[in-house]
Amino acid sequence: MSFNTDLSTKLENSRNTLRKIARNDNTEFSKQSILNDMEKFVKMVNTMDETVLVPSRLMNLPQEGDDDPFCLFAMLNDLKTELLWAGEVDEQVERGRRISDMSDTESDASSAAGDSGIEGEDERESAAHAAATCRRHLRGLRRCLRQLTSAAAHLTRSYQEEVGAPV
């Protein structure tokens, strides 16, 4: 029973942390924390929103490579919203997913079931594999969040230069 209580408490603390990030409350995290990168991303996108008062003016900005500034603006806002509020996967996408679309963890877990006949060993190996996979994905997520934060900062600066606002 105490395990369920601890789990409930941890989940509620996580929800409260994400709510604080969304509200821009002053919450401090380790500089190495994924939550710190999430907070920086959310704050930069909020700054971008406050700066870009007329999003259609982004269409006048020069396009750098394949990045259309207006589409980038919309994508960054959508990602922020999804990061903060969208907890469920679109059911139609999930139902239509093929076996070939399964992640490494899902396919490894499904193929590893019952390999050695020793249940405890399989579970420990599976948990260790899942933890390693999770760490790899967290590193990738941190890298993506940093790149997206830089993109939002660049878009904000470009807009300010275009409209003649102080940078």
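The values are calculated or read from the model by the stated rules, or taken from the named source; none is laboratory data. Nothing here was measured: the structure is a model prediction, and the numbers come from that model. Here Cβ is always computed from backbone atoms with ideal geometry, including for glycine, and neighbour counts include all displayed protein chains. Heads up: the accessible areas ignore ligands, DNA and RNA and are worked out on the full protein's heavy atoms, side chains in. Shrake-Rupley method; radii C 1.70, N 1.55, O 1.52, S 1.80 Å.
Give me the pairs: first residue in segment 129-154 and among the hydroxyl-bearing types (Ser, Thr, Tyr), second residue assigned to a helix (DSSP H, G or I), beta-carbon distance under 6 Å, and six or more apart or on different chains, which are they?
Every condition considered, the pairs that remain are Thr133/Thr105; Thr149/Lys40; Thr149/Phe41; Thr149/Met44.
Take segment 76-88 and flag every residue that is open to solvent by less than 80 Å² (accessible area, probe 1.4 Å) and without any contact (Cβ under 8 Å) to a residue 12 or more places away in the chain.
Restricting attention to segment 76-88, the residues satisfying the condition of being open to solvent by less than 80 Å² (accessible area, probe 1.4 Å) are 76-77, 79-81, 83-84, 86-87.
Listed by number, the residues that qualify are Thr81, Ala86, Gly87.
In segment 34-74, what residues are modelled with pLDDT under 85 and open to solvent by less than 30 Å² (accessible area, probe 1.4 Å)? Give the steps one after another, and end with the answer.
The first filter runs over segment 34-74 and keeps only residues modelled with pLDDT under 85, leaving 60-67.
Within segment 34-74, Leu61 is the sole residue that qualifies.
Scan segment 127-144 residue by residue and report those that are more than 19 Å from the chain's Cα centre (by Cα) and surrounded by fewer than 11 Cβ atoms within 10 Å (Cβ to Cβ).
Ala127, Ala128
Any residue at all in segment 111-126 that is modelled with pLDDT of 85 or more, of a type in the set (Gly, Ala, Ser) and open to solvent by less than 90 Å² (accessible area, probe 1.4 Å)? Quick ask: steps written out before the conclusion?
Of the residues in segment 111-126, the ones modelled with pLDDT of 85 or more are 125-126.
From what's left, of a type in the set (Gly, Ala, Ser): 126.
Then keep just the ones that are open to solvent by less than 90 Å² (accessible area, probe 1.4 Å); that gives 126.
There is at least one residue in segment 111-126 that is modelled with pLDDT of 85 or more, of a type in the set (Gly, Ala, Ser) and open to solvent by less than 90 Å² (accessible area, probe 1.4 Å).
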